[in-house]
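Peer 1: Here you go, one structure.
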Amino acid sequence: MLKMFFATLCITTILLGSTISAQAADTETVQPSQKEIEKMLDDAKKETEFAKKNWNKIAKEKIEEGKKEGNRKKSDSTLSTMATGTANFTTGDLLVTMDSTYGSAGFRYGHAAIVYTSNEYTIESYDTTGVKKFAMTKWKPGGKIDTMIALWVKGATSTDYGQAKSYSGSQIGDPYNYSFWDSDRSDKFYCSQLLWKAWKYAGFNVNGGWDTLISPYDIVQDSDTTGYYTR
């Protein structure tokens, strides 16, 4: 009887161990091949080149979309009607530039920031700094960035904006993520990945339809984002 008990216990332990190992394998990120990584980067490069070449048209359409939306959230009285065309950068808003000057050395596909304090500070990730809070001087009218768009998220409430801000702020000090294909990780961030993760935390998926490498332009073309200021 005792032998049967130990035999059953051993079988159960083996099966449980196999189940845990299988679950761990399911959640483990599989690194793509070098060829797949190169294709992702090439696709992002082509997207960025397209965006730069057609920026005036892309930005105009995004702003027109914003005018039609009118309000950030009609049912939420705490978020007022947008003053479309003005640079009133509000906490949680997304700022995107195609200027390669402001990308990171290994990621020359534009740059993106999330507004941390309205009209004052952003949270951004650079390869030289990791995730850090910056004064938004370069983003404001007259700033050093030549081409940019400010975006808000359709249907988001003030609570959602607060959650996006909270998530981005809690990542200050985290290192830069050079594994561009691994956007779902939460310990390292590249610029547009940080914006995506912050808004995913708030319940919105602004990834432009991609789950791997997420470029700044993917956020611009996402159906959940709309523009209110550009230059």
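Read-outs throughout are calculated quantities, based only on the coordinates presented, and are distinct from any laboratory measurement. Model, not experiment: these values are computed from the prediction. So basically every Cβ, Gly included, is an ideal-geometry build from the backbone, and we count neighbours across all protein chains shown.
Peer 1: Using 0.36 nm per residue, how much length does the chain from residue 132 to residue 45 gain when fully extended, once their Cα-Cα distance is taken away? Walk me through the numbers on the way to the answer.
Peer 2: On the way: separation 87, 0.36 × 87 = 31.32 nm, distance 2.53 nm.
Length difference between fully extended and current span is 28.8 nm.
Peer 1: Determine the gain in length on full extension of the stretch residue 186-residue 86; use 0.36 nm per residue of separation and subtract their C-alpha separation, reporting nm with one decimal. Please report the intermediate quantities before stating the final value.
Peer 2: Values: separation 100, 0.36 × 100 = 36.00 nm, distance 3.33 nm.
Here the segment from residue 186 to residue 86 would lengthen by 32.7 nm.
Peer 1: Between residue 53 and residue 174, what length in nm is gained on full extension when 0.36 nm per residue of separation is reduced by their alpha carbon distance? Mind showing how you got there, number by number?
Peer 2: Numbers: separation 121, 0.36 × 121 = 43.56 nm, distance 3.35 nm.
So the extension gain works out to 40.2 nm.
Peer 1: Can you bin segment 144-231 into rounded, prolate or oblate? Criterion: square roots of the alpha carbon gyration tensor eigenvalues sorted a ≥ b ≥ c, rounded for a/c under 1.5, prolate for a/b above b/c, oblate for the rest. Don't jump to the answer; show the numbers that get you there.
Peer 2: Numbers: a/c = 1.43, a/b = 1.19, b/c = 1.20.
Rounded.
Peer 1: Further, regarding this structure: Using the Karplus curve 6.51 cos²θ - 1.76 cosθ + 1.60 with θ = phi - 60°, what ³J(HN,Hα) values do you get for each residue of segment 88-97, in whole Hz, with x for Gly and Pro?
Peer 2: 9, 6, 9, 2, x, 5, 10, 10, 10, 10
Peer 1: Here is a further query. Set the Förster distance to 41 Å, then compute FRET efficiency between residue 158 and residue 38 from the Cβ-Cβ distance, nearest 0.05. It would help to have the intermediate numbers written out before the result.
Peer 2: On the way: r = 42 Å, r/R0 = 1.03.
The formula returns an efficiency of 0.45 here.
Peer 1: Hey, another quick one. Bin width 5 Å, origin at 0, all Cα-Cα pairs of segment 33-230: what percent of pairs per bin?
Peer 2: Each 5 Å bin holds this share of Cα pairs: 1, 8, 18, 23, 22, 16, 8, 3, 1, 0.
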